[in-house]
Every structure is written in structure tokens, then in C-alpha cells.
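Just dropping this structure here.
The values are calculated or read from the model by the stated rules, or taken from the named source; none is laboratory data. Since the model is a prediction, treat every value here as computed from it, not as a measurement. Positions of Cβ are backbone-derived with ideal geometry, glycine not excepted, and every protein chain shown enters the neighbour counts. Heads up: the accessible areas ignore ligands, DNA and RNA and are worked out on the full protein's heavy atoms, side chains in. Shrake-Rupley method; radii C 1.70, N 1.55, O 1.52, S 1.80 Å.
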Amino acid sequence: ETGVTQTPRHLVMGMTNKKSLKCEQHLGHNAMYWYKQSAKKPLELMFVYNFKEQTENNSVPSRFSPECPNSSHLFLHLHTLQPEDSALYLCASSPHRGPYNSPLHFGNGTRLTVT
Amino acid sequence: QQPVQSPQAVILREGEDAVINCSSSKALYSVHWYRQKHGEAPVFLMILLKGGEQMRHEKISASFNEKKQQSSLYLTASQLSYSGTYFCGTGIGAGNMLTFGGGTRLMVKP
């Protein structure tokens, strides 16, 4: 298995639920990212981890809680979300934090719907 | 501040050419280009660095004009497989995160 894998592909949750998104990369990369992709809006960076340490939190509400237990796995824990949080959540990885000179490798995303 | 892409959408016939532009209000250090098909992950196309050369991916090439703070993506003799949304991501320094444009939706028809 290669690349960046995200599960689940689709998730429907109520505003009072708690759920988690999972991302796994098999590329040996040191940096991992969470992006939010909403309709008609640019990709928004949410969190960055480099060697398991969080290096960026792009003013994300506390109802989103990331976790990076090792360089290969990244989670996004969700609780008491709002309908406007419905979006495609993309995980990405790169050899190092940045990345100005190497590609981002994206997963297929989790399509989240908050009801 | 996010870069501005133009046009927002373009429809081509197979074999036609297109240009997608990505403009920034800040001096740029690097520009990434990605293509995303519906329901799929964005896929890397190429990176252009300050002071670097024009890049190429199959029949797609790109340029980086540092003075104009702009990059352009050139799609030559378009194929059906080129359909998708193209995103540019810009970086203002070696340690800075990329900021993405709003995307250009490209549709190639037979």
C-alpha cells in the first residue's frame, strides 16, 4: 500500500456527536497536514505537524482537535460541530515542513456532512 | 493573502490550448500547481522556484514571473484527461506554508 490513505471516505454526524478522521501515509514523510476544502473557497490549511510536533494551528476552532501519534498517522477529532463545518477534509504529507521545493501528497479526503 | 487565479472556469475542445494564471500581491518564493478531479485527491503537477527554470509535465508547462509575482500554466493540445480543477499554491519563503488559490475549473470536450 502506498500514498496517503484517509478513512472514512464519507461521514454524516449530528451536532452533538463525537467522531474522528484518520489519515495514514506510507511515504516516509516527516510532515503531515489537515486542509479543509469547502465549496467555492480555496483550500484552507488547518494544522501542520512536523516530526509529530504541531507547528501550525491556523486559528481553527477548538471543536477540531488534531492528534499525531507518529510521523505516519494523523487524526482529526471532531465534537459539537456546526453545519458550516460540512466540507471535504484533506490530509496531506510532504518530506519536510513547508514545503517550498517538494510536492504535497494528498489523500482522497473525508466528505463530512454535519446535520 | 491567497493568490488569485484566472479564469475561474474554461471549456475547451480536445486539442485546443489554454492558459491559467495565478497572481499574488506578495513577492513569491515558490509556486506549486495541482490538478483535482471530481471526488479525487489533488495531484501534484509541478513546482516553480524563484530563479528556477520553466517546468514541464507531459504537454503542460508553467512559467514563473518573479517581477509580476505571477505564474502561468500552459495546457497545449488539451486531452480529455486534462479536465479537472487546477489549483496554484504559493509560498513566500522557504519555511512558509503554501496558500492556495480558488481554483480554475477546466472542462475538455470531445
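Give, ordered by residue number, each residue of region B:37-53 whose 1.4 Å probe accessible area is reduced by a minimum of 20 Å² on adding the remaining protein chains to the chain alone.
Those are B:Gly39, B:Ala41, B:Pro42, B:Phe44, B:Ile47, B:Leu49, which lose 20 Å² or more relative to the chain on its own.
Quick one: what are the phi-derived ³J(HN,Hα) couplings along region A:92-104, Karplus 6.51/-1.76/1.60 with θ = phi - 60°, whole Hz, x for glycine and proline?
Values, residue by residue: 9, 9, 8, x, 9, 5, x, x, 6, 10, 9, x, 7 Hz.
Can you give the Rg and Dmax of chain B based on its C-alpha atoms, in angstrom?
Considering chain B through its Cα atoms, Rg and Dmax are 13.2, 43 Å.
Let me ask something else about it. Peptide B:94-107: average number of partner chain Cβ atoms within 10 Å per residue?
4
Hey, quick one: spin label on A:Thr113, modelled 7 Å out along Cα-Cβ, who in region A:19-35 has an amide N within reach, i.e. under 20 Å?
Output list for this probe position: A:19-22.
Same structure, new question: Can you compute the equivalent ellipsoid semi-axes for chain A, i.e. the square root of 5 times each eigenvalue of the Cα gyration tensor, sorted largest first and rounded to whole Å?
Whole-Å semi-axes of the equivalent ellipsoid: 23, 14, 13.
Carbon-plus-sulfur fraction of the accessible area of the protein assembly as shown, 1.4 Å probe, in percent?
48 percent
Report ³J(HN,Hα) in whole Hz for each residue of region B:88-98, in order, from the Karplus equation J = 6.51 cos²θ - 1.76 cosθ + 1.60 where θ = phi - 60°; Gly and Pro get x.
The phi angles translate into 9, x, 10, x, 9, x, 4, x, 8, 6, 6 Hz.
Using just the alpha carbons, could you tell me how many Å³ per residue the convex hull of region B:1-65 encloses?
For region B:1-65, the hull spanned by Cα atoms encloses 118 Å³ per residue.
Show the residues, 5+ positions off or on another chain, whose built amide H is closer than 5 Å to the amide H of B:Met46.
Here the answer is B:Trp33, since their amide H atoms fall under 5 Å of that of B:Met46.
What is the distance in Å between the Cα centroid of region B:12-88 and that of region A:34-107?
What the calculation gives is 23 Å, centre to centre.
What number do you get for the protein assembly as shown when its Cα radius of gyration is normalised by 2.2 N^0.38 Å, N = residues?
Rounded to two decimals, the normalised Rg is 1.02.
Moving on to the next point. Hey, what do the phi angles of region A:25-34 turn into as Karplus ³J(HN,Hα) couplings, whole Hz, using 6.51/-1.76/1.60 and θ = phi - 60°, x for Gly and Pro?
10, 10, 10, x, 7, 9, 10, 9, 9, 10
I would also like to ask the following. Rounded to the nearest whole Å², what accessible area per residue is found for region A:7-115 with the 1.4 Å probe?
Value for region A:7-115: 46 Å² per residue.
Averaged across A:95-102, how many Cβ atoms of other chains sit within 10 Å of each residue's Cβ atom?
6
Follow-up. Once the dipole of chain B is set up with Lys and Arg at +1 and Asp and Glu at -1 on Cβ about the Cα centre, which of B:Leu48, B:Ala94, B:Ser61 lies farthest towards its positive end?
Result: B:Ala94, furthest along the dipole toward the positive end.
Under 24 Å between C-alpha atoms is the cut-off here; go through chain B and count lysine pairs that meet it, provided they're at least eight residues apart or on different chains.
Lysine pairs meeting both conditions in chain B amount to 9.
Please check which bits of region A:36-50 a label hung off A:Glu67 would reach, taking the label as a point 7 Å along Cα-to-C-beta and the cut-off as backbone N under 18 Å.
Residues A:47-50 qualify, since their backbone N sits under 18 Å from the label point.
A further question on this structure: Name the lysines eligible as straight-distance cross-link partners of A:Lys52: C-alpha to C-alpha under 29 Å, and not fewer than 8 places from it in the same chain.
A:Lys18, A:Lys19, A:Lys22, A:Lys36, A:Lys41
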